[in-house]
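J.: Mind having a look at this structure? Questions to follow.
The values are calculated or read from the model by the stated rules, or taken from the named source; none is laboratory data. Remember, predicted model here, so these are calculated numbers, not experimental data. A quick note on method: Cβ atoms are made from the backbone with ideal geometry, for glycine too, and the neighbour counts reach across all protein chains shown.
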Amino acid sequence: MPYTDLRDFLKQVDELGELRLVRGADWNEEIGGITDLAQHQINGPAVLFDDIKDYPRGFRIVSNTLGSSSRTALLLGMPTGKSWRELLPIWRKRSKEIPNAIPPVEVKDGPILENVVSKRDVDLSIFPTPKWHELDGGRYIGTGTVDVIKDPDSPWVNLGCYRASIADKKRVTLYISPGKHGRVLRDKYFAKGEAMPVVMVFGQDPAVFMAASLEVAWGTSEYDYAGALKGEPIPVVRGRATGLPIPATAEIAVEGFIRPDQTAPEGPFGEWTGYYASSQREEPVMEVENLYYRNNPIIVGTPPYKPPAEFTAYRGLLRAALLWEKLEQAGVPDVTGAWCHEAGGCRLLLAVSIKQRYPGHAKQAAMIAAMCHAGAYLGRYIVVVDDDIDVTDLQDVVWAMCTRCDPERDTDLIRRAWSGPLDPAIDPDKKGFNSRLIFDATRPWEWRDKFPPVVEPSLETRMAVAKKWGGLILGSGNGPVLRQRNGKAVEKRVSGRRPVKENRRKVR
Ligand SMILES: Cc1cc2nc3c(=O)[nH]c(=O)nc-3n(C[C@H](O)[C@H](O)[C@H](O)COP(=O)(O)O)c2cc1C
Ligand SMILES: [Mn+2]
């Protein structure tokens, strides 16, 4: 077990030198602005806010918690100090070794029960909820949130990360996009005319958050997945009104029932596409029956910004690993890489590399990447490349698109795929479906042996040149010259390309 709870995790982040304490910031856009700044630095720090304007000391917020490769590695039990691309093979190996599921364990007590406030006494305005972005239509307490919803027809408890804004002192809105497990379960309750029991958690063990934000399979509890990530069961206490499991070490949790006829205005909100999504509309709202919080609670804030940002960092890695795994499970052989590119918010641009084995292999990989659960929601472009292309390098992927793909022969359109209200390219009155464009950017199968050779010295020549001349040309020895790429040592600078970027997030 690498850490016990959020606070212990933050202590270890501090020991890594990656935590900053900010006192006296304003909840009204200033905390959002500082978070934007931290998120857009390469491996920018986690930021803990205390003494927030208008609020007492101790009522805190943490943001950019997982915005560096070392912090993500710490969470997932991997070595720190590695780049995202170095972590992908390490995580692929590790994720195959950890158990599939470790169910949560119910405990009688936990820090979340330090303060329990019921019905009439509930007041959500005690928390320093930020207005994160300039044009947000409200104050979002739930960004790095975990929402607990049980299937009405089975014991399955689903966790999802869905945004939540404060409607008033006792009510919070809950926005779930169509097709998400939480939304399908919600629709089941509402179709029967029943109220849906819900727990919303606004600060928790980062493994629980990570699980809730990922495309875990239908029917699998993200609690079990979080336990597997952590290597031990997540302790939970039972909600007094709903009976739903609440993480025992959570910082803040609310529980109640959402009735089909109860709504409140929600949105707009700055979203992961880099645009404000969903103009103000009516969305389900929950009246809080019980509020639970730890002494000196910490809200976890993960507001999205124009990518690349925090979510494209940690989720890029995990979604790439998941996409790769799903391709393998679907029986696509010789997948040599997968990456969910940051520019597309890790959803809109997927790249997969294969060692071509037979005619149609590339199309098979593309179709599965486009439509498997890890890749289907709000995607747009899928590029399949040969295994000599570094799938994590946008430059390399686009070079393959530009040079190996003839649009008439090598692109395909998939119509009426799973999109949603957040898709900025779709007419506001017609949102729901979108289309996908597949690029087969592999060398055409039939004449792949006649495809012109790539203009670069052989690996042997590059190694020899680097050894003999690297010091002179680059000013220092061979240290940064020889890099790992697709498992093979290659020398990037001497071959005339940019050096490998340790992290693709740009500094603004
Ligand atoms: C920071 C963050 C915010 C998110 N906000 C929402 C949201 O408001 N609504 C939504 O439907 N999905 C949102 N998501 C995506 C879902 O959490 C994600 O698709 C998850 O896999 C859904 O789980 P489910 O399929 O079990 O419902 C968010 C993800 C993250 C990381
Ligand atoms: Mn789920």
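Okay, residues lined up against (1) buried (at least 24 other Cβ atoms within 10 Å of the Cβ); (2) not in a helix (DSSP H, G or I):
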{"residue": "Cys346", "(1), (2)": "yes, yes"}
{"residue": "Ser353", "(1), (2)": "yes, yes"}
{"residue": "Ala365", "(1), (2)": "yes, no"}
{"residue": "Ala370", "(1), (2)": "no, no"}
{"residue": "Gly379", "(1), (2)": "yes, yes"}
{"residue": "Val384", "(1), (2)": "yes, yes"}
{"residue": "Gln395", "(1), (2)": "no, no"}
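J.: While we're here: Among the residues of region 66-75, are any surrounded by 19 or more Cβ atoms within 10 Å (Cβ to Cβ), among the aliphatic types (A, V, I, L, M), over 18 Å from the mean Cα position of the chain (by Cα) and not assigned by TED's automatic domain parsing to the domain that holds Gly316?
T.: No; the residues of region 66-75 include none that is surrounded by 19 or more Cβ atoms within 10 Å (Cβ to Cβ), among the aliphatic types (A, V, I, L, M), over 18 Å from the mean Cα position of the chain (by Cα) and not assigned by TED's automatic domain parsing to the domain that holds Gly316.
J.: For region 265-286, give me each residue that is more than 30 Å from Ala343 (Cα to Cα) and buried (at least 17 other Cβ atoms within 10 Å of the Cβ). Show your work before the answer.
T.: Taking region 265-286 first, the residues more than 30 Å from Ala343 (Cα to Cα) are 265, 282, 284-286.
Once the filter is applied, which keeps residues that are more than 30 Å from Ala343 (Cα to Cα) and buried (at least 17 other Cβ atoms within 10 Å of the Cβ), region 265-286 yields Pro284, Val285, Met286.
J.: Continuing with this model, one more query. If we scan region 163-171, do we find a residue that is surrounded by 24 or more Cβ atoms within 10 Å (Cβ to Cβ), without any contact (Cβ under 8 Å) to a residue 40 or more places away in the chain and either within 13 Å of ligand 1 (Cβ to nearest atom) or not aromatic (Phe, Trp, Tyr) (or both)?
T.: yes
J.: So which residues in region 1-51 are within 18 Å of Pro297 (Cα to Cα) and touching a Pro at 6+ places or on another chain (Cβ under 7 Å), if there are any at all?
T.: Leu6, Phe9, Leu19, Arg20, Trp27, Ile31
J.: Another question, then. Applying the selection to region 40-65, what residues are polar (S, T, N, Q) and either in a loop (DSSP other than H, G, I, E, B) or assigned by TED's automatic domain parsing to the domain that holds Ala226 (or both)?
T.: At the first step, the residues of region 40-65 found to be polar (S, T, N, Q) are 41, 43, 63-65.
Correct list: Gln41, Asn43, Asn64, Thr65.
J.: Can you tell me which residue within region 181-194, out of those that are among the small types (Gly, Ala, Ser) and free of Cβ contacts under 8 Å to residues at least 60 places away in the same chain, is farthest from ligand 2 (Cβ to nearest atom)?
T.: Within region 181-194, the subset among the small types (Gly, Ala, Ser) is 182, 191, 193.
Remaining after also requiring free of Cβ contacts under 8 Å to residues at least 60 places away in the same chain: 182, 191.
Numbers: Gly182: 7, Ala191: 19 Å.
Among them, the one singled out is Ala191.
J.: Quick check on my filter: what residues within region 189-213 are out of contact with any helix residue (DSSP H, G or I) (no Cβ under 8 Å at 6 or more places or on another chain) and either among the polar types (S, T, N, Q) or in a strand (DSSP E or B) (or both)?
T.: If we filter region 189-213 for residues that are out of contact with any helix residue (DSSP H, G or I) (no Cβ under 8 Å at 6 or more places or on another chain), which is where we start, we get 189-194, 197-200, 202, 209.
Within region 189-213, Pro197, Val198, Val199, Met200 qualify.
J.: Listed residues Ile141, Ile102, Ile112; which is outside any helix (DSSP H, G or I), crowded, with 16+ Cβ neighbours inside 10 Å, touching a residue at least 40 places away in the same chain (Cβ under 8 Å) and in contact with a Phe, Trp or Tyr (Cβ under 6 Å, 6 or more places away or on another chain)?
T.: Details: Ile102 fails: in contact with a Phe, Trp or Tyr (Cβ under 6 Å, 6 or more places away or on another chain); Ile112 fails: outside any helix (DSSP H, G or I).
Matching residue, one of Ile141, Ile102, Ile112: Ile141.
J.: Shifting gears a bit: Quick check on this structure: which one of Pro197, Pro206, Pro178 is within 16 Å of ligand 2 (Cβ to nearest atom) and in contact with a strand residue (DSSP E or B) (Cβ under 9 Å, 6 or more places away or on another chain)?
T.: Numbers: Pro197 fails: within 16 Å of ligand 2 (Cβ to nearest atom); Pro206 fails: within 16 Å of ligand 2 (Cβ to nearest atom).
Checking each option against the conditions leaves just Pro178.
J.: Quick test of your reading of the structure: Pro152 fulfils all but one of (1) of a type outside the set (Val, Ile, Thr); (2) closer than 22 Å to Pro56 by Cα; (3) surrounded by 14 or more Cβ atoms within 10 Å (Cβ to Cβ). Name the failing condition by number.
T.: Of (1) of a type outside the set (Val, Ile, Thr); (2) closer than 22 Å to Pro56 by Cα; (3) surrounded by 14 or more Cβ atoms within 10 Å (Cβ to Cβ), only one is false for Pro152: (2).
J.: Scan region 263-276 and tell me whether some residue there is touching a His at 6+ places or on another chain (Cβ under 9 Å), within 14 Å of ligand 1 (Cβ to nearest atom), within 29 Å of Gly58 (Cα to Cα) and hydroxyl-bearing (Ser, Thr, Tyr).
T.: no
J.: Can you tell me which residues in region 156-175 are outside any strand (DSSP E or B) and either within 13 Å of Val198 (Cβ to Cβ) or within 14 Å of ligand 2 (Cβ to nearest atom) (or both)? Break it down into steps so the answer makes sense when it comes.
T.: Initial filter on region 156-175 (outside any strand (DSSP E or B)): 156, 161-163, 169-170, 174-175.
Correct list: Trp156, Cys161, Tyr162, Leu174, Tyr175.
J.: While we're here: Which residue pairs have Cβ atoms under 6 Å apart, sit 6 or more places apart or on different chains, and have a first residue in region 317-335 that is acidic (Asp, Glu) and a second that is outside any helix (DSSP H, G or I)?
T.: Asp334/Ile354; Asp334/Lys355; Asp334/Arg357
J.: A follow-up question, please. Quick test of your reading of the structure: Ala241 fulfils all but one of (1) within 16 Å of ligand 1 (Cβ to nearest atom); (2) more than 20 Å from the chain's Cα centre (by Cα). Name the failing condition by number.
T.: (1)
J.: What residue, of Lys450, Lys431, is charged (D, E, K, R), crowded, with 16+ Cβ neighbours inside 10 Å and without any contact (Cβ under 8 Å) to a residue 24 or more places away in the chain? Give the steps one after another, and end with the answer.
T.: Values: Lys450 fails: crowded, with 16+ Cβ neighbours inside 10 Å.
Checking each option against the conditions leaves just Lys431.
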